[in-house]
Amino acid sequence: MIENKNQSRTSLEQLGEFGLIDHLTANFPTQQESTIKAIGDDAAVLSFDKDEKTVISTDLLVEGVHFDLAYSPLKHLGYKAVVVNLSDICAMNATPTQITVSIAVSNRFTLEALEELYEGIKLACNYYKVDLIGGDTTSSQTGLIISVTAVGKAKKEDLVYRNGAKDNNLLVVSGDIGGAYMGLQVLEREKQVFLVNPNNQPDLDTYDYIIERQLKPEARTDIKQLLKDLDIKPTAMIDISDGLSSEIMHLCTQSEVGCNLYEDKLPLDPQFISTCEEFNIDSTTMAINGGEDYELLFTISMEDFEKVKANPNLSIIGHTTPKDEGIHLITRANTKIPLKARGWNHLSNESGEN
Ligand code: ADP
Ligand code: MG
């Protein structure tokens, strides 16, 4: 045990996740020429080759914080653990190529359970054509911990960082948002019902899409090619793991721009909307604050408007502004409200995600 001679005590809650990362990693200047981008983006960028760059990203999933095995089948969990990492590679406009998987398991888990986990990992490897190349296995006192590292590649000129957005760029998102979070709400509700009455078999058919968004998300490995085909190179890009508003804040802060996000432009699935109505909660709030959609958020030049405007995979949801105009949501009633990075803050134990 390392003795703490420094008597001051600062709670992690005070810093928040991003404050903590900044604080801990503040004094690590890079020392290798091959480190092109270190901490601060969706993935690090390394250069061992003049033209082709290597990107690396890692994520940690902890039972009870990021997943609940009461409703998360191990096969799905294995799949999702891979996907969340591949999503970070996609967010650099790169192509995932390899993964490593490390696990810590308590004696609660049987061989059969871990085989299921690896079935899901295998499914993801086959679907996304990535190779499992290593990892580590150890025991834990309680619960399951999964850490996945993903490696990918991209041509130097294809890479897109979080910090490249310019004033008067269009803000674009792939797919639809909010579903994963509402899927989690349904699963949490059914878990509570089950705890009260174990004979009650939930009928989840009406929520199939949003539950799948939560339990078995996909990484948008297709977007890189789609953008190439449209002859578009985004100016900045990030994936949506923590929620749209939080990711917009990251992108805008790092790019030193402001932004107007339009409520009426948010791409929402009908099942997401009807579930919000059923839960009597505001769909816009859920769409911008809910996490784990693993869609891509990016900015493009205004000149590319015609190329994306009719694309069913992409929605233009706003535009950047000069930094001093701030980051706002323009509501349907045409009022302008400052966007807050609610995201998830699991350091304050609100909810789990990465
Ligand atoms: P994402 O949500 O895209 O996975 P994170 O918010 O987890 O990204 O991380 C932001 C940046 O901080 C990344 O570059 C990540 O590698 C880095 N990072 C996160 N945690 C640590 C840590 N404990 N030590 C060093 N770097 C970290
Ligand atoms: Mg990310």
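A few remarks follow.
- Selection status of S57, of a type in the set (S, T, N, Q) and modelled with pLDDT under 95: no
- Checking G40, G64 one by one, the residue that is away from ligand 2 (no atom under 14 Å from the Cβ), on the phi > 0 side of the Ramachandran plot and surrounded by fewer than 24 Cβ atoms within 10 Å (Cβ to Cβ) is G64 and no other.
- Some residue of the stretch 83-98 being more than 10 Å from G152 (Cβ to Cβ), open to solvent by 20 Å² or more (accessible area, probe 1.4 Å) and more than 14 Å from ligand 2 (Cβ to nearest atom): no
- When L114, L69 are checked against the criterion of being part of a loop (DSSP other than H, G, I, E, B), of a type in the set (A, V, I, L, M, F, W, C) and more than 16 Å from ligand 1 (Cβ to nearest atom), a single residue qualifies: L69.
- Taken over the stretch 86-114, the criterion of being touching a Pro at 6+ places or on another chain (Cβ under 6 Å) and over 13 Å from T54 (Cα atoms) is satisfied by L86 alone.
- Cβ-Cβ under 9 Å pairs, at least 6 apart or on other chains, the stretch 201-216 side assigned by TED's automatic domain parsing to the domain that holds S283, far side at pLDDT below 90 and β-branched (V, I, T): P202/V193
- Checklist (1) surrounded by 13 or more Cβ atoms within 10 Å (Cβ to Cβ); (2) under 27 Å from A70 (Cα atoms) applied to L296, failing item: (2)
- When the stretch 43-61 is limited to residues that are open to solvent by 40 Å² or more (accessible area, probe 1.4 Å) and either within 14 Å of ligand 1 (Cβ to nearest atom) or in contact with a Gly (Cβ under 8 Å, 6 or more places away or on another chain) (or both), the one that is farthest from A94 (Cα to Cα) turns out to be L60.
- Within the stretch 77-104, residues that are closer than 24 Å to T142 by Cβ reach partners that are among the basic types (K, R) with beta carbons closer than 8 Å, at six or more positions or on different chains, in the pairs G78/K122; Y79/K216; K80/K216.
- Restricting the stretch 210-233 to residues that are of a type in the set (A, V, I, L, M) and closer than 10 Å to A180 by Cβ, the residue that is farthest from ligand 2 (Cβ to nearest atom): I211
The values are calculated or read from the model by the stated rules, or taken from the named source; none is laboratory data. In this text, all values refer to a predicted model and were calculated from it rather than measured experimentally. Reconstructed Cβ throughout: ideal geometry from the backbone, glycine too, with neighbour counts over all protein chains shown. Just the protein is used for accessible areas: all its heavy atoms, side chains included, with ligands, DNA and RNA removed. Shrake-Rupley method; radii C 1.70, N 1.55, O 1.52, S 1.80 Å.
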